[in-house]
Structure formats: C-alpha cells, structure tokens
Amino acid sequence: MDPSAAAAAADDDDDYHATTGGMEPRGEEDNGASTRGVTGRLLAWRGEEEDDDDAEDSGGGSGAGANADEDDAASAVSLDTISNDSILLPPEPTSANLASLLRARKLILVVDLDHTLINSTRFAHLSDDEKANGFTERTGDDRSRGLFRMGLFRMITKLRPFVHEFLREASAMFEMHVYTLGNRNYATAVAKLLDPDGAYFGERIISSGESSQPDRKSLGDVFGWAPEMERAAVVILDDTAEVWKGYRDNLIEMERYLYFASSRGKFGIAVRSLAERNRDESEREGALAVALRVLRRVHGEFFSGSVCSGSFADVREVIRQARREVLRGCTVAFTGVIPSGDGGRASDHPVWRRAEQLGATCADDVGEGVTHFVAGKPVTRKALWAQTHGKFLVDTEWINAAHFRWSKPEERMYPVKGEH
C-alpha cells in the first residue's frame, strides 16, 4: 500500500466513528441471546480427546475497583483449588480451540489498538507546543517512553503506559486477538511494536480489510463463528462502544488514550495534550491497570463460579455484576442534565441508563433518600435543595469516571461548574 494512503487510513482515529467516548446507551441488544450462565456438564479431561463433529481451529471510593486487591486474592485462591480435570464445558458443540483454552483456564480477549493500547499522530499534525517539546519528523525511537517513529506512515506512535505489563499478565489468562478498523499494514506494524516476538497476538490480527463492515466490528469476523456458547467466553477491550453493536455485553469500554493534540482535537477536547504538557497517564493507576484488575476478576469468577455452581459461566454476566457494584448504595437524581418537555422518558436518557448499569438507583425528584445530585449547573431548584440538605452535588463526569474507572469516584473531584 502507498505509505501516504496507509498513513491517512491509520491517522489518529482509524477506528473512530463519530463518537465522543462519553455517555451512550448501554445494555445493547444481543440478538435475543440470554447472558445468564446455562446448565452445562463436568467432563473428566484426563488426556482424552473430545468427539466434536463441529470442531474447528479458530481511583478512590468504593465499588469493584476499590476492592481490586481482595478480588485478585480471592480469585487466586479459588483457582488454585480447581483441577484441570474439572473444567466445565458448554453442553453445545464447541470449537476445538475454545475447548482447549477452557481446559487451560483461558478465555478469549479481543483488543483494539488506537486510543486503547496506543495513540498515533502524523508528523504534519504535531502542534507547535509538541514540536517545542521535541516531537518532530526527526524524532527517533525512545523505548523508555514508549515512543516510536513510524517513518513509512510518516507518524509517531506512543504506547500507553503499562501496556507491556498488561499484555504479559493478560496473556496468562486470555488468548488475545487484535481487531482494528485501521488498514492491515498499519495494524501489523503497531502489533509488532507491542508484540515483537509474536508471543501475545501471533497472526491473530483483524484489520479493516478483514472486517465485514467498514464501521462495525463483529466476533464473527474474528473467529468465523460467534455462537452463544463461544460468545460467553469472549471479552472485548475497546474505546469505541458504538462499533460493537450486538456485543456490548462483552465489552469493557476503555477511557480513550489521547496523547497527542490532533487526537484531542478530533474528539473536540479543548485541553492541552499530554505531549504538549510533557505528561502521561499513571502506570499503576491508569486505564490499563484498571482494565487488568477487571480482567482478573472476570477470569477468576468465570472459572471458580462455573465449577462451584455447576453451570457454565458467562463473561457477560460476570461483567454486568461487577459493573453493578460500582455505584451500589447510591441514589442519584438529575438536574439540568436531562432535557424536559421533549416527549422522551428520563429513564431512557444515556446518563440515567449508565447510572443504573453502575448499580445506582435513579430518582425523579428530590428526597431524603437521594445521596447524589448530578447537575448541569449549580443554581437549579434541585441543586440548591441538595446543597442545603447536605447531599453530594456532582458534575456528569462523576458518572463517566465511575464507568471507566470501575470504582466510585471521590465526589469532591467533580464539582459542578457554572455561576452560583
């Protein structure tokens, strides 16, 4: 492919499609499929082969994040007690590869590249402040900072902090696949930066050329199959929920990694970039560290839960239950956030739905039982009532932070902005 064409396809947002990464309706349809664990069977796997005619190779506060260390420890203990001879397999025909993975206590992880694991920008799109900080067309590789010059594409690529540790630890629990809507040459080059020895992804890379739709992703494109049983063992890590229509129950949505100014501009974020400020995400408390804690929990509960309960586990149910713990115990009301008089129901608004998915109870009006008021401005009737009654008054970003961080954020970090 012509390098300029490849660069254009890969630039900044090669798998982005008109979304801000903010609140979107969740609990997407899953084609009528149930996401509850289904009754299965324990098979004694002691070196015996399965007969399978259809086999084929193929931050602060309480909530889930706050109890990450305890969850990890519990998962480790429970997994130590599970014999490989007692892994529960689904009662329906399963691909040989998936059966082998389950016996090895592995699930499947499908990961996006841009804004999830890395951020790229073209040389021509570097800002003046970024150039002043040493980001130029002549910038060479700096592995200690995760910076790489991709001359063929006339781009600089920045790896997300903690990415190598993330991939190493995740690979012990998951068979990993790359799925990007960027072109093949770019996807292969970035995968080589992340996995130079092919230990994590191998040839398991899906790009725009292999995707059946230009603006959608499908597990069928990854595996050539997506029956219900297999979907129950697949976790997706992506910053763009909209491309996974029909698979959002499998999705752990990532907070976007926007290191360069051009990416922030593309998403309408009028804040100086990390590159302009010579700053970066925290390794230990950043998005990938959060995602790894969630993946550990999903993996641990999938295997320990299936053996102990006698039913085939489902990652979608584990994800859903973990998410509902984030704001459990919070009763949330909204003011100046959800438009009134437009004929729609407040409960259909994305912010309301997101709060409920995080385990909060949503209220229509003021009341002593309300613990948090999510406000668009601080001078509404409800906002003033909240302040005089000692209730938390927070910006809508408090809900978004809970969604991406998998823990209840400190309320004081999300004050309502505007004139008092």
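Looking only at segment 190-204, residues that are assigned to a loop (DSSP other than H, G, I, E, B), more than 8 Å from Val178 (Cβ to Cβ) and not acidic (Asp, Glu) come to 5 in all. The lone criterion from (1) more than 30 Å from Phe303 (Cβ to Cβ); (2) surrounded by fewer than 23 Cβ atoms within 10 Å (Cβ to Cβ); (3) under 26 Å from the mean Cα position of the chain (by Cα) left unmet by Arg320 is number (1). Selection of helices (runs of 4 or more DSSP H) fully inside segment 349-420 by the criterion of at least 1 residues being surrounded by 18 or more Cβ atoms within 10 Å (Cβ to Cβ) and β-branched (Val, Ile, Thr) returns 350-357, 397-405.
One line per residue, one yes/no per condition, for (1) of a type outside the set (Gly, Ala, Ser); (2) at pLDDT 95 or above:
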| residue | (1), (2) |
| --- | --- |
| Leu193 | yes, yes |
| Pro196 | yes, yes |
| Tyr200 | yes, yes |
| Pro214 | yes, no |
| Ala233 | no, no |
| Asp238 | yes, yes |
| Glu253 | yes, yes |
| Phe260 | yes, yes |
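Scanning segment 142-165 for residues that are crowded, with 22+ Cβ neighbours inside 10 Å and more than 22 Å from Gly182 (Cα to Cα) gives a single hit, Phe162. The strands (runs of 3 or more DSSP E) located wholly in segment 109-189 that include 1 or more residues which are of a type in the set (Ser, Thr, Tyr) occupy 118-122, 155-159, 174-179. Tell me whether segment 250-259 contains one or more residues that are among the aromatic types (Phe, Trp, Tyr), at negative phi and crowded, with 20+ Cβ neighbours inside 10 Å. Looking for residues that are among the aromatic types (Phe, Trp, Tyr), at negative phi and crowded, with 20+ Cβ neighbours inside 10 Å, one finds at least one in segment 250-259, hence yes. Scoring Gly418 on the criteria (1) in contact with a Pro (Cβ under 7 Å, 6 or more places away or on another chain); (2) within 17 Å of Glu325 (Cβ to Cβ) leaves a single failure, condition (2).
The values are calculated or read from the model by the stated rules, or taken from the named source; none is laboratory data. Treat the numbers as computed from the prediction; the structure is a model and nothing was measured. Cβ sites come from the backbone with ideal geometry, for glycine too, and all protein chains shown count toward neighbours.
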